[in-house]
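Here is the structure we will look at.
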Amino acid sequence: MTNRQNEVAKKEQRIRELSARMGLDGLCLSRAINFAWFTAGGNNRVVTGSETGAAALVILGDRKYIVAPKNEIERFMEEQVPDLGFESWTYEWYESREKAIADLVGSRRIGSDIPMGGWPVLGADLNRLRYSLTEEEIARAREIGDVCSRELAATCVNISPGMTEWEIQAELSYRLIKYGVRPAVLLVGTDERAFKHRHPVPTDKRLDKYAVIGLVGEKGGLHLALTRSVYFGRLPDHLRRLYEVALKVEAAFLQASKVGIDSQLIFNQGREAYGATGFPDEWQRHHQGGAIGYAPREYRAGEGAGETIQLNQMLAWNPTVQGTKCEDTVLVKVGGGLEFLTSVPGWWPVAKLELERQEVSRPLILER
């Protein structure tokens, strides 16, 4: 079996176990993130950013179907799910997909990831199947992390004062798309905008001395997040101190990130670190990140009930302190260890931090 076939087989088993627990005969997956997850990187979208796409998946017992219009099915079978054991189920583009799926399912009881056909809609139970990455997904995440890390660092070196935030975004977007990585989120805040707005969507503002660039890169459905900052000239002491505070808060999040821990407890550790460093209210000004995977954030810590951290789950914490921000994507491994899936090149300035028995390098603000 190929790596992709192995990955899909593992996910089939998760789907069957969930269906059995819930007394269902199968599941229908229409959301783009679930299509990408179950097909090991397939894409059912035509319109970028749409919640659903031109095809749905139906898993019934030991058989699995891809449901798409007749004018689309050949493309899906040849390019998105080749050699994965899917059977095609088609209908005319002007007919109802819901009816086509109902005809396929018949009297059997299935669950759905969107409201459709009167079938029960599965939310958190289905979402949790995505969180623990397979070995094949981890390998893909490492490759995506390498591209994002390398190209964001290169962008920080190639930009210059006078460029607009749009131009900075274009520089990084071009670098990523060459490798098939889509910038699902790309924030660029320069100078006073970096201090004023926590989500600096690019504008025509021109860079003077300081830029904070936040990226969530996506390929094959997997998302990885990281943020880097660059300063032209000698970094002011007050900005250096603010960034050091952000690093300390991030360290608290990372220290608490372990398999089996409630995400709300991790969030509480980070919130306490804000207070201990003299910024007790700063956490209220921006969300602190959380789980990442087939969505830019699978869930954000601190929003209601916590989720238990799974083995081989990706997390991306993003503490911010008055114009500074720390963010990278880590994989939570057995024994409490963390693997950084995003990083900086050897020439980038770093701070060395101790997380229990693990020494990690955290990027500083690049001075140019």
> Hey, does the stretch 107-126 have a residue that's under 30 Å from Glu339 (Cα atoms), buried (at least 20 other Cβ atoms within 10 Å of the Cβ) and either under 21 Å from the mean Cα position of the chain (by Cα) or touching a residue at least 60 places away in the same chain (Cβ under 8 Å) (or both)?
Replying inline: yes
> Just for strands (runs of 3 or more DSSP E) wholly inside the stretch 33-95: which have at least 1 residues that are under 26 Å from Ala295 (Cα atoms)?
Replying inline: 52-60, 63-69
>> Suppose we filter the stretch 247-292 for residues that are under 20 Å from Ser361 (Cβ atoms), aliphatic (A, V, I, L, M) and out of contact with any Pro (no Cβ under 7 Å at 6 or more places or on another chain); how many remain?
In response: 6
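Would the stretch 59-70 turn up any residue that is within 24 Å of the chain's Cα centre (by Cα) and surrounded by 16 or more Cβ atoms within 10 Å (Cβ to Cβ)?
No, the stretch 59-70 contains no residue that is within 24 Å of the chain's Cα centre (by Cα) and surrounded by 16 or more Cβ atoms within 10 Å (Cβ to Cβ).
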> Restricting the search to the stretch 179-193, which residues are open to solvent by 10 Å² or more (accessible area, probe 1.4 Å) and either touching a residue at least 24 places away in the same chain (Cβ under 8 Å) or touching a His at 6+ places or on another chain (Cβ under 7 Å) (or both)?
Replying inline: Tyr179, Gly180, Arg182, Pro183, Ala184, Val185, Leu186, Leu187, Arg193
>> Can you tell me which of (1) surrounded by fewer than 19 Cβ atoms within 10 Å (Cβ to Cβ); (2) modelled with pLDDT of 95 or more is the one Ser19 doesn't meet?
In response: (1)
>> Among the numbered criteria (1) in contact with a helix residue (DSSP H, G or I) (Cβ under 6 Å, 6 or more places away or on another chain); (2) among the hydroxyl-bearing types (Ser, Thr, Tyr); (3) open to solvent by 10 Å² or more (accessible area, probe 1.4 Å); (4) under 29 Å from Glu171 (Cβ atoms), which one does Tyr243 miss?
In response: (1)
> What tally of residues in the stretch 75-103 results from selecting those that are within 27 Å of Thr2 (Cβ to Cβ) and either surrounded by 12 or more Cβ atoms within 10 Å (Cβ to Cβ) or in contact (Cβ under 8 Å) with a residue 40 or more places away in the chain (or both)?
Replying inline: 13
> Going through the stretch 206-221 one residue at a time, which ones are open to solvent by 40 Å² or more (accessible area, probe 1.4 Å) and more than 26 Å from Gly49 (Cα to Cα)?
Replying inline: Arg206, Asp208, Lys209
>> Every residue in the stretch 317-359 that is in a loop (DSSP other than H, G, I, E, B), within 14 Å of Ala251 (Cα to Cα) and not charged (D, E, K, R), please.
In response: Asn318, Pro319, Cys326, Thr329, Gly337
> Is it true that Glu303 is part of a strand (DSSP E or B), open to solvent by 30 Å² or more (accessible area, probe 1.4 Å), among the acidic types (Asp, Glu) and over 19 Å from Ala141 (Cβ atoms)?
Replying inline: no
>> On the basis of being open to solvent by 40 Å² or more (accessible area, probe 1.4 Å) and in contact with a Phe, Trp or Tyr (Cβ under 7 Å, 6 or more places away or on another chain), does Glu367 make the cut?
In response: yes
>> I need the full set of residues from the stretch 193-238 which are among the basic types (Lys, Arg) and closer than 19 Å to Ala316 by Cα, in order please.
In response: Arg198, Lys219, Arg228
> What number of residues within the stretch 1-16 satisfy the criterion of being in contact with a strand residue (DSSP E or B) (Cβ under 9 Å, 6 or more places away or on another chain) and β-branched (Val, Ile, Thr)?
Replying inline: 2
>> Taking the condition of being over 20 Å from Gly49 (Cβ atoms), open to solvent by 40 Å² or more (accessible area, probe 1.4 Å), in contact (Cβ under 8 Å) with a residue 12 or more places away in the chain and part of a helix (DSSP H, G or I), how many residues in the stretch 153-178 meet it?
In response: 4
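The values are calculated or read from the model by the stated rules, or taken from the named source; none is laboratory data. Given the structure is predicted, the values throughout are model-derived calculations rather than measurements. Cβ: placed from backbone, ideal geometry, glycine included. Neighbour counts: every protein chain shown. For accessibility, only protein heavy atoms count, side chains too; no ligands or nucleic acids. Shrake-Rupley method; radii C 1.70, N 1.55, O 1.52, S 1.80 Å.
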